[in-house]
1. When the accessible area of the range 117-163 is computed with all protein chains present and a 1.4 Å probe, what percentage of it is carbon and sulfur?
2. Which value, in Å², gives the accessible area per residue of the range 102-155 when a 1.4 Å probe is used on the protein heavy atoms?
3. Does anything in the range 99-118 have its amide N under 13 Å from the 7 Å Cα→Cβ label point of THR2, and if so which residues?
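The values are calculated or read from the model by the stated rules, or taken from the named source; none is laboratory data. All of these numbers come straight from a predicted model, not from anything done at the bench. Glycine also receives a Cβ, built like all others from the backbone with ideal geometry; neighbour counts cover every protein chain displayed. Surface areas here come from the heavy atoms of the whole protein model, side chains and all, with no ligands, DNA or RNA. Shrake-Rupley method; radii C 1.70, N 1.55, O 1.52, S 1.80 Å.
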Amino acid sequence: GTNNANFSTPPDGTSGRMQMYRFTGPTIDRDGSLDSEIVLHELTHGLSNRLVGNAAGLNWDPARGMGEGWSDFYALSLLNNTNADDPNASYASGGYATYKLAAGYLDNYVYGIRRFPYSTSIAVNPITWADIDDVTNDLSGGIAPTPITFNLNGGMEVHNSGEIWTNTLWGVRAKIIADPAGANGNVPTGNVTALRLVTNALKMTPINPSFVDARTALFDADCSVNACANETSIWSAFAYRGFGYGADSPYDTIGRYVSSHTGFHESFLMPHLDVVNAITDVAILDAASNNNGAIDPGESFFMTVKLFNPWRGAS
């Protein structure tokens, strides 16, 4: 083959197989094996496929899309991990291999193989979660998308939905790096935290996950390992890209909307992450009685308590 690469992942106990091809530009061929982003992308397929269902867990479009997204995320994170690498700069994936991939294509180190460079800025990379929906897919608002037309397929094409997953995780990573209570701007420290978080979340991701399932696994992993220290970073990055509190993915049930890829409801909201003091609330309600700031014998009141699980919503 040419202009491609792939990785076959059998269950534990049998070796995986990576196949690397030549990228055939109009003037010179380039060996995909010399492009570290492509090599690490393919090797990460072995990681994600083994950790989610032991090679049998990423079978439908949303899961396969996230598989592509995890692969780009690990490649970018492993290759841009020093304090000289700005977490908020723009990064191409597969920039080396795609040089002159199409006639006149010289922006390979801007776009690489994807529609946009990866960036925490929506003014550069405008994609949000509405763009996995074939109806609401809209690539305007940032820089112009790549001129390589074979990559401009429907919103739910696995590499395209994977871009959104990568870019959202890239935002989580940037938030973790910037957190003054954590890495405080130190890229290597925050990068390790982000990679460990995503790896632990893979271990908690169910077979054939929806996007919501995989997001939930990030919160589960963070609370299991880091005492929920990165909860705000995760929520804010997802909310920035339209997968905030109240967002609804139509892919929560296997088979629903798989053929049409429509119905994603965006939300750019953050949940309330504070803890409500129920005693204070009770004292306020006491104002309807003698207003002494206490619940006295014989007094009655009504109180509504909302319990909030920050990764599964309110009840």
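1. Ligands and nucleic acids excluded, carbon and sulfur give 62 percent.
2. 42
3. So the set is 101-103.
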